[in-house]
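Written below as structure tokens is the structure these notes are about.
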Amino acid sequence: MNTCISRRACADRDDFRLINDKGEIGKHVWTEYRCPNVVSGENMICQGCSYKIDNYKYQANQKCDHGIVGGPYPSSSKLYGSAFYLKEVQKGWFPKKEDEIRAKEAVDNACMGRKKAVKTELVEPVEPIVETAKPVVETAKPVVETAKPVVETAKPKRKYTKKSPGETKSRKKKEEIALPIPPPVEESNEEPKFIETTEPAISITDVIVVKVKKIKCQGKDYYHDSLSGKLYGISVNGVGAYKGRYNQETETLDTTFPDSDCE
């Protein structure tokens, strides 16, 4: 059973106010959740969430557009992590610690039901990043001990008889009694192998293609996703790790914002 992937704002009673270093109270910020409505296999968004109004007045109303779970935030959204929220943070406003923890948990819960893999499609031709996990192989060689047979030879005592006239000395030949020798133990040429792997099974439900473009921010080159505002580092193979969100107004990098793709 699939549910709608539309992102919605929690009720007004669950929002919080930003504060500053002076203890002053700032603007309202809402927390998010995933729409619980059931959808068919062909549709990803329910009928109610398919109708949105730009710059709608009430954030908690279903008509207000907050995008889809894990995607970029529209300009009219006032959710935690939106452009509106980041702009207020640049001005010196910030949430209380308990409010920020609650807002981050809301983001994680919204994305929990929609695990995804992000495939990055470059604007510039760059070789794809391929990582192969090598399994840990341990080979145990059996220890084979071969018992060597012990052979004991019993030497009988030499017997002498009295000589009679005309008789020559009679001599008994030595007799050797050999004990039976047990058959040797054959060594096995087969070596048992034990293969252990700690890699969990990968289950990917859907793939999102993201286009990025190389830009310069604060003297460094990054790959920029214009839809989500994310910045990625540049590696020898192409796109590197997530670095933070790009603020177009101040042309700065915000490294405090978590990566929404790490669920």
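Please verify whether I234 is closer than 26 Å to G67 by Cβ, at pLDDT 80 or above and either surrounded by 14 or more Cβ atoms within 10 Å (Cβ to Cβ) or among the hydroxyl-bearing types (S, T, Y) (or both), treating the condition exactly as stated. In short, no.
Select from the stretch 56-84 the residues that are outside any loop (DSSP other than H, G, I, E, B) and touching a Lys or Arg at 6+ places or on another chain (Cβ under 8 Å) and write down the one among them that is surrounded by the fewest Cβ atoms within 10 Å (Cβ to Cβ).
Let us first name the residues in the stretch 56-84 that are outside any loop (DSSP other than H, G, I, E, B), namely 64, 68, 79, 83-84.
Filter once more, keeping what is touching a Lys or Arg at 6+ places or on another chain (Cβ under 8 Å): 64, 68, 79, 84.
Numbers: C64: 22, I68: 17, L79: 27, F84: 19.
Result: I68.
Applying the condition of being outside any loop (DSSP other than H, G, I, E, B) and free of Cβ contacts under 8 Å to residues at least 24 places away in the same chain to the stretch 21-55 and asking which residue is surrounded by the most Cβ atoms within 10 Å (Cβ to Cβ) yields I53. Whenever a residue of the stretch 70-92 is closer than 16 Å to Q248 by Cβ, its partners that are surrounded by fewer than 19 Cβ atoms within 10 Å (Cβ to Cβ) and hydroxyl-bearing (S, T, Y), lying with C-beta atoms within less than 7 angstrom and at least six residues away or across chains, give the pairs A83/S75; Q90/T250. Based on what the data block shows, is Q90 modelled with pLDDT of 95 or more, surrounded by fewer than 21 Cβ atoms within 10 Å (Cβ to Cβ) and not hydrophobic (A, V, I, L, M, F, W, C)? For Q90, the condition - modelled with pLDDT of 95 or more, surrounded by fewer than 21 Cβ atoms within 10 Å (Cβ to Cβ) and not hydrophobic (A, V, I, L, M, F, W, C) - is met.
The values are calculated or read from the model by the stated rules, or taken from the named source; none is laboratory data. This one's a predicted model, so the numbers in the text were calculated from it and none came from an experiment. Glycine also receives a Cβ, built like all others from the backbone with ideal geometry; neighbour counts cover every protein chain displayed.
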